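What follows is one structure encoded as structure tokens, with my remarks underneath.
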Amino acid sequence: MRITALEAWPVKMRLAVPYTIAYESIDSATNIFLRIETNQGVTGFGCAAPDLQVTGEASEDVLRVFQDIIQPSLKGSDPHRIAFLLHRLQLYLKNNPSALAMVDMALHDILGKSAGLPVYKLFGGFRIRIKTSITIGILPPDDTILKAKEFVRQGFKSIKIKGGQNVDLEIEKILQVREAVGKNIELRFDANQGYSVEDTLKFVEKTRPAQLELIEQPTPRAELDQLGRVTSGVSIPVMADESLMNLRDAFRLARRDLMDMINVKLMKVGGISEALQINAVARSAGLEVMVGCMDESALAIAAGLHFALARPNVLYADLDGHLDLIDDPSSGAVTIREGYLYPTEKPGLGFNL
């Protein structure tokens, strides 16, 4: 089998409900879609969701490296030699992880379609579904409570609340949300690097009655010692997100025991292949893993889902980035029922654009 043609194109999608996190407000997202055609009629699809704050890329950067590097490197190659092709591209795409991720997705899509199996089954098929949290951006307390109640009515069993701007207000907000949704709903909190160590210790102590499941990236990404101080000083699991961008970060964080959990996002680490290696480091260190996402199309969410379904220590999912995207061309690539995500069970990533 040989790759005969490649095409990449941008799709800008508005968000049905714009949201705010600690360092920015978002009302739309541009994803880059990739099609790889082969001489045997098998076509693979991938998707990049670049983000200047997280992946260091804009959509123009992804399109540029597609034209200059990805297309000439892959055309004529055997798409089943995934490790070889990705290794070759990594030499040139060190600063373009979402571009690498879209290639990784498309190649695995081809592999699964060639084998007649969903990608998650190719990698072991540990589970067939996973519970996902749904995120509430930074809102006033009353609006946060209304959204939380609505998500519970929709069947979601896990809610992630964003913060990192006002620790005292956010303490009260968490306590009010817990009272509003009851004790059976999982609550997670993401400060998106907005807290100091002192803020975090105060927040965790004061929200103890709310029984938070975890706190995600409370301190600045580069201040690893601060993250370690939080981890050793609080009673709930601490998750690293922005501090983990690649395999080396995973090893460095795990070796120093700086966190309890890691958030693996395909867009920031470069795709399924790299995510599996990072997950192996986490498992060897006894760390739990959550698969997260950006503002991603359902196709990209499907790739994260297949990774999560394949490995036993990927216990958590935050795969809701597609739910508010308007006119997503890959809508239907995953299914959500009562707060659980399911793949389509079709070969590859399970969707054809």
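Things worth noting here:
- Among the conditions (1) in a strand (DSSP E or B); (2) farther than 30 Å from Ser25 by Cβ, Val103 misses just one, which is (1).
- Residues (of a type in the set (Phe, Trp, Tyr) and assigned to a loop (DSSP other than H, G, I, E, B)) located in segment 106-127: Phe123, Phe126
- Taken as a whole, segment 264-283 holds no residue that is farther than 23 Å from Leu111 by Cβ, among the polar types (S, T, N, Q) and outside the structural domain of Met102 (by TED's automatic domain parsing).
- Across segment 268-314, the qualifying residues are those that are part of a helix (DSSP H, G or I) and of a type in the set (Ser, Thr, Tyr), and the one among them that is farthest from Leu341 (Cα to Cα) is Ser284.
- Selection from segment 204-215 of residues that are outside any helix (DSSP H, G or I) and touching a strand residue (DSSP E or B) at 6+ places or on another chain (Cβ under 7 Å): Leu212, Glu213, Leu214, Ile215
- Some residue of segment 68-84 being outside the structural domain of Ile301 (by TED's automatic domain parsing), touching an Asp or Glu at 6+ places or on another chain (Cβ under 7 Å) and of a type in the set (A, V, I, L, M): no
- Filtered residue count, segment 178-203, keeping only those that are under 24 Å from the mean Cα position of the chain (by Cα) and not in a loop (DSSP other than H, G, I, E, B): 6
- Tally, over segment 216-247, of residues that are small (Gly, Ala, Ser), assigned to a helix (DSSP H, G or I) and crowded, with 18+ Cβ neighbours inside 10 Å: 1
- The single condition among (1) modelled with pLDDT of 95 or more; (2) in a loop (DSSP other than H, G, I, E, B); (3) not assigned by TED's automatic domain parsing to the domain that holds Arg337 that Lys94 does not satisfy is (1).
- Phe84 vs. criteria surrounded by fewer than 21 Cβ atoms within 10 Å (Cβ to Cβ) and of a type in the set (Phe, Trp, Tyr): yes
- Total residues in segment 30-55, condition modelled with pLDDT of 95 or more and either at positive phi or among the hydrophobic types (A, V, I, L, M, F, W, C) (or both): 10
- Answer from Lys162, Lys173 - the residue that is among the basic types (Lys, Arg), in contact with a helix residue (DSSP H, G or I) (Cβ under 7 Å, 6 or more places away or on another chain) and crowded, with 19+ Cβ neighbours inside 10 Å: Lys173
- Considering only residues in segment 292-334 that are hydroxyl-bearing (Ser, Thr, Tyr) and closer than 18 Å to Ala106 by Cα, the one that is surrounded by the fewest Cβ atoms within 10 Å (Cβ to Cβ) turns out to be Ser331.
- Test: residue in segment 153-172 that is of a type in the set (S, T, N, Q) and closer than 17 Å to Ala22 by Cα: yes
- Residue in segment 7-22 that is of a type in the set (S, T, N, Q), in the same structural domain as Ala99 (by TED's automatic domain parsing), within 18 Å of the chain's Cα centre (by Cα) and closer than 30 Å to Leu169 by Cα present: yes
- Against the test of being surrounded by 23 or more Cβ atoms within 10 Å (Cβ to Cβ) and under 19 Å from Ser297 (Cβ atoms), the options Ser59, Ser98 yield a single qualifying residue, Ser98.
The values are calculated or read from the model by the stated rules, or taken from the named source; none is laboratory data. Every value quoted in this text rests on a predicted model; they were computed, and no experiment measured them. As a convention, Cβ positions derive from the backbone with ideal geometry for all residues, glycine included, and neighbour counts pool all protein chains shown.
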